[in-house]
Amino acid sequence: MYAVIQTGGKQYRVAPGQTIEVEKLPGDAGTQVELGQVIAVVKDSDQLVAGPDLGDAKVTATIAGHGRGSKVVVFKFKCKKQYKRTIGHRQSYTRLKVDDIVI
């Protein structure tokens, strides 16, 4: 069984026991989180449940920790104008361990 969820403007395919990294969520490590935006669920018999058939489906997960991604360098340049800017960015994330998919 697996589900497709939406959090932080992105969609993820999750299964029980899986660990994923999503956009930063509030809460401390060890806290249980309910992810309510479930788009689709595929049961063990390859039966797809989506749309209004889902009802109050949700995915429960535990926050395993927080972190920051690797640095992305942004370099701006305009030729013949002596314009150069270098900026770095590190995105924060939350590591989740998926516990259960409740339909």
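Observations on the structure shown:
- Options Leu35, Leu54: the member that is under 21 Å from Gly8 (Cβ atoms), over 19 Å from the mean Cα position of the chain (by Cα) and of a type in the set (A, V, I, L, M, F, W, C): Leu54
- Of all residues in the range 45-73, those that are on the phi < 0 side of the Ramachandran plot have Cβ atoms under 8 Å from Cβ atoms of residues that are among the hydrophobic types (A, V, I, L, M, F, W, C) and part of a loop (DSSP other than H, G, I, E, B), 6 or more apart or on another chain, in Val49/Ala57; Val49/Ile103; Leu54/Ile103; Ala57/Ile103; Ile63/Leu25; Ile63/Ala29; Ala64/Ala29; His66/Ala29.
- Considering only residues in the range 1-40 that are under 17 Å from Gly65 (Cα atoms), surrounded by 12 or more Cβ atoms within 10 Å (Cβ to Cβ) and of a type in the set (Ser, Thr, Tyr), the one that is modelled with the highest pLDDT turns out to be Thr19.
- Residues that are charged (D, E, K, R) and under 15 Å from the mean Cα position of the chain (by Cα) were ranked within the range 57-103; the one that is modelled with the lowest pLDDT is Lys58.
- Any hit, the range 80-92, residues being surrounded by 11 or more Cβ atoms within 10 Å (Cβ to Cβ) and in contact with a Leu (Cβ under 8 Å, 6 or more places away or on another chain): no
- Every residue from the range 29-55 that is under 13 Å from Leu96 (Cβ atoms) and not hydroxyl-bearing (Ser, Thr, Tyr): Ala29, Gly30, Gln32, Val33, Glu34, Leu35
The values are calculated or read from the model by the stated rules, or taken from the named source; none is laboratory data. Since the structure is predicted, the reported quantities are computational estimates derived from the model, not experimental observations. Positions of Cβ are generated from backbone atoms using ideal geometry, with glycine treated the same way; all protein chains shown enter the neighbour counts.
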